[in-house]
Protein chains: 2
Amino acid sequence: MADHGDTGTQTPRERYRAQVQEEIKKHAWEQMAVAGASALSLNAIAKQMGMSGPALYRYFAGRDELITELIRDAYRSLADTFRAASETVGTGEPGLAVLAHALRGWALADPQRYFLVYGTPVPGYHAPDDITVIASENMVMMLDACAELPSDGPVTSFEAHIEGLGSRWADGHAAPPVALRRALAFWTRLHGVLSLELAGHFNGMGFDPALLFAAELDDLLR
Amino acid sequence: MADHGDTGTQTPRERYRAQVQEEIKKHAWEQMAVAGASALSLNAIAKQMGMSGPALYRYFAGRDELITELIRDAYRSLADTFRAASETVGTGEPGLAVLAHALRGWALADPQRYFLVYGTPVPGYHAPDDITVIASENMVMMLDACAELPSDGPVTSFEAHIEGLGSRWADGHAAPPVALRRALAFWTRLHGVLSLELAGHFNGMGFDPALLFAAELDDLLR
DNA sequence: TCGCTTTCGTTAGAAGTTGTAACTCACGAC
DNA sequence: GTCGTGAGTTACAACTTCTAACGAAAGCGA
């Protein structure tokens with residue numbers, strides 16, 4: 001995990017505050033992994049840390065703000081994972097494949113974290129602006145990986161529909177429409193497999209989800 | 001909506017009980033549509049119906065049982081939609097296409113209902129057996145629609161991996177591996193597009209999700 | 001080193017939730 | 001008409017988030 005926020009010029013109070021904030025989030029993640037986001041309890045976290053319930057309100061304005069912070073961290077973690085993966089290129093394997101495997105590993109490592117980013121949204125919840133910024137970072141890496149693949153063949157009607165939208169998705173990224181289409185398919189198809197797998201919908205069906213994921217990835221690279 | 005349960009031989013008390021149970025679920029759906037499943041409150045439902053909170057426990061053992069019942073209804077509603085759609089065949093359009101459009105219409109009609117079936121699961125929750133039975137009904141119709149499409153070309157390694165599993169997914173359904181692969185792709189790819197669309201992840205990206213859905217469906221039928 | 005100020009953690013409490021227990025009362029069966 | 005079953009009530013326990021007011025401790029400047 002990368003450390004965000006300048007730990008250099010900090011007063012002792014700020015340092016302590018950041019530490020406690022991190023510890024709260026650590027317990028929140030543990031609690032969420034076993035019971036899901038909806039079962040997150042500030043009181044339980046406080047009890048685990050040996051504090052009283054209202055003490056947490058010095059660090060987070062409320063349950064919603066804590067969850068928002070966890071969502072932000074999840075996005076950052078995914079972006080870090082993607083960044084680390086895209087730096088291990090040149091092994092002959094296409095960039096899209098290493099991104100796909102990084103995504104799958106990240107999702108399996110903590111399913112609830114994946115669902116926090118891509119799962120059922122809470123009606124009425126609006127993500128802060130900086131989250132969409134990080135999401136667009138991920139889009140940049142996906143588009144880069146798609147742009148390095150051959151883009152021959154005729155342009156379909158949908159590709160014509162999305163032509164030129166790359167600059168909107170990823171801050172001035174000029175990718176050919178075939179790459180945009182491929183990035184969209186990459187996102188939606190792998191999410192389709194991953195979310196159903198993590199939700200347990202493949203249980204008892206008798207096949208290996210990893211092989212389905214690999215088969216979908218193969219189709220993507222064709 | 002089809003009526004489930006024999007309304008023929010019922011005592012007045014049973015009839016009244018069923019009516020109240022339906023009304024509770026009706027209010028639950030309304031409340032869930034605006035605030036999501038996690039915000040479902042028995043007290044609020046009771047207040048809306050002019051009853052006291054504990055009165056609802058005559059009809060449902062608790063919040064979990066009510067949600068389980070809603071999930072069951074959602075599965076049934078999807079199965080009904082699929083059944084109704086697959087009866088409108090013979091118009092030249094492939095069965096998979098009408099199933100896909102039925103799925104999309106059903107999902108857009110009530111996003112929270114879709115998420116109740118395919119969204120983020122609650123850790124530790126296990127679906128009752130009869131739900132998996134209904135789910136397998138849907139699989140039958142999907143496999144039927146896939147089996148009527150041409151299945152030529154070489155068999156991939158993943159298709160070899162899932163060969164013969166049709167009988168397990170849909171109670172003795174003997175479909176060729178290519179059809180099984182197509183059914184899996186149908187499910188995962190359309191879910192990928194739908195869930196991201198309903199979650200609002202395409203907002204502000206400047207394209208029409210319906211066209212992406214149609215493009216994915218086109219790929220499926222190729 | 002002393003004092004001031006900021007901030008942390010506490011307890012008390014309001015308002016909400018799920019869920020149980022015990023008590024009426026009315027409906028329906030006989 | 002009587003009588004049992006079941007519906008709905010209030011009261012209550014235990015939990016939640018979150019606010020308010022207080023005490024104590026820690027850092028910062030002089």
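Normalised by 2.2 N^0.38 Å, where N is the number of residues, the alpha-carbon radius of gyration of region A:1-81 equals 1.12. Within chain A, the whole DSSP H helices whose Cα atoms reach 15 Å or more along their own axis and whose mean Kyte-Doolittle score is at least 0.5 are A:95-109, A:129-147, A:177-198, A:209-221.
Buried area at the A:B interface is about 3700 square angstrom, summed over both chains, from accessible surfaces computed with a 1.4 angstrom probe. Backbone N atoms of region B:94-124 closer than 13 Å to the 7 Å Cα→Cβ label point of residue B:149 belong to residues B:94-101.
Could you work out how much longer the chain between residue B:156 and residue B:219 gets when fully extended? Use 0.36 nm per residue separation minus the Cα distance between them, nm to one decimal. Don't skip to the end; give the middle numbers.
On the way: separation 63, 0.36 × 63 = 22.68 nm, distance 1.74 nm.
Full extension from residue B:156 to residue B:219 adds 20.9 nm.
Take every Cα pair under 8 Å whose residues are at least 6 apart in sequence, average their separation, divide by the length of region A:87-222, and the relative contact order is 24 percent. In region B:111-182, Cα pairs under 8 Å separated by at least six residues give a relative contact order of 31 percent. Gyration tensor analysis over the Cα atoms of region B:75-221 returns equivalent ellipsoid semi-axes of 24, 20, 16 Å (largest first, whole Å).
If you place +1 on the Cβ of every Lys and Arg, -1 on the Cβ of every Asp and Glu, and leave all else neutral, what size is the dipole of region B:1-60 about its Cα centre, to the nearest 20 Debye? Write down the numbers at each step before the final one.
Numbers: 7 positive and 6 negative charges, 46 e Å.
The calculated dipole for region B:1-60 is roughly 220 debye.
Take the solvent-accessible surface of the protein heavy atoms, probe 1.4 Å, and return the percent of it on the protein assembly as shown that carbon and sulfur atoms account for. Ligands and nucleic acids excluded, carbon and sulfur reach 53 percent. A crude spin-label estimate for the pair residue B:132 and residue A:52, with each label 7 Å from Cα along the Cβ direction, gives 4.9 nm.
Counting residues in the protein assembly as shown as N, plug N into 2.2 N^0.38 Å and put the Cα Rg over that result.
Values: Rg = 23.8 Å, N = 444, 2.2 N^0.38 = 22.3 Å.
Dividing the Cα Rg of the protein assembly as shown by 2.2 N^0.38 Å gives 1.07.
Each Lys or Arg adds one and each Asp or Glu subtracts one; over the other residues with Cβ under 12 Å from the Cβ of residue A:170, this totals -2.
Taking the Kirkwood radius as Rh and the Cα radius of gyration as Rg, region A:112-171 has a ratio of Rg/Rh equal to 1.07.
Helical content of chain A, expressed as a calculated mean residue ellipticity at 222 nm, amounts to -20500 deg cm²/dmol (DSSP H runs of 4 or more residues, -39,500 (n - 2.57) each, divided by residue number, nearest 500). In percent, how large is the relative contact order of region B:1-60, given Cα pairs closer than 8 Å and 6 or more residues apart? Once divided by the residue count of region B:1-60, the mean separation gives 25 percent.
Each label was represented as a point 7 Å from its Cα along the Cα-to-Cβ direction; for residue A:89 and residue A:16 these points are 4.7 nm apart.
FRET efficiency for the pair residue A:171 and residue B:208, taken as 1/(1 + (r/R0)^6) with r the Cβ-Cβ distance and R0 = 22 Å, rounds to 0.50. Counting only Cβ charges, +1 for Lys and Arg and -1 for Asp and Glu, the dipole size of region A:67-221 around its Cα centre is about 260 debye.
Ignore the peptide's own chain and count Cβ atoms of other chains within 10 Å of each Cβ in B:124-131; give me the average, rounded.
Numbers: counts 4, 2, 2, 3, 0, 0, 0, 0.
Neighbouring Cβ atoms belonging to other protein chains average 1 per residue here.
About its Cα centre, what dipole magnitude does region A:1-118 give when the only charges are +1 on Lys and Arg Cβ and -1 on Asp and Glu Cβ, stated in debye to the nearest 20? Working shown, then result.
Details: 13 positive and 14 negative charges, 68 e Å.
For this selection, approximately 320 debye.
The values are calculated or read from the model by the stated rules, or taken from the named source; none is laboratory data. No experiment lies behind these values; they were computed from the predicted model shown. Here Cβ is always computed from backbone atoms with ideal geometry, including for glycine, and neighbour counts include all displayed protein chains. Keep in mind that these areas ignore ligands, DNA and RNA; they rest on the heavy atoms of the full protein, side chains included. Shrake-Rupley method; radii C 1.70, N 1.55, O 1.52, S 1.80 Å.
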